[in-house]
1. Per-residue counts of other Cβ atoms within 10 Å, averaged by peptide: what ranking do you get for 17-27, 42-52, highest first?
2. Taking R0 as 25 Å, what's the FRET efficiency between residue 59 and residue 16 from their Cβ-Cβ distance, rounded to 0.05?
3. Could you list which residues have their amide H under 5 Å from that of residue 53, counting only those 5 or more apart in sequence or on another chain, with H placed in the peptide plane?
4. Full extension from residue 30 to residue 80: what is 0.36 nm times the residue separation minus their Cα-Cα distance, to one decimal in nm?
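Just so you know, all these numbers are worked out from the coordinates, no wet-lab data involved. Not measured: the values here are computed from a predicted model. Heads up, the Cβs are rebuilt from the backbone with ideal geometry, glycines too, and the neighbour counts pull from every protein chain shown.
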Amino acid sequence: MGGLDRFSTKGSGRIASSRLRLILVSDQADCPPKLIRMLQDDMIRIVSRYMEIDRDKVRLRMEPDDGTAGEAKRPPGILYIHIPVRSIPNKGIY
């Protein structure tokens, strides 16, 4: 039954969950989901240059600003990205 594994709903469920989180974060940040997706993809690409990461477990989260930024023009919140690192290869940087 190895050929039927590709029809598993686990992959589509994970994709749907990721898309929902993306929509929620973009709504809280008051910016289009496409912009949040581009930001996430860019950050993954940059971090991947230096470290092996678990791309399937990358998570975005938006939290309200704690008020320390000033009251003149308050940003919509703080964007956090969780990028699990699998390993940091020694590429002779040191």
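1. Details: 17-27: 14.7, 42-52: 11.6.
Highest mean packing first, the order is 17-27, 42-52.
2. Numbers: r = 15 Å, r/R0 = 0.59.
Efficiency for this residue pair is about 0.95.
3. 86
4. Details: separation 50, 0.36 × 50 = 18.00 nm, distance 1.51 nm.
Length difference between fully extended and current span is 16.5 nm.
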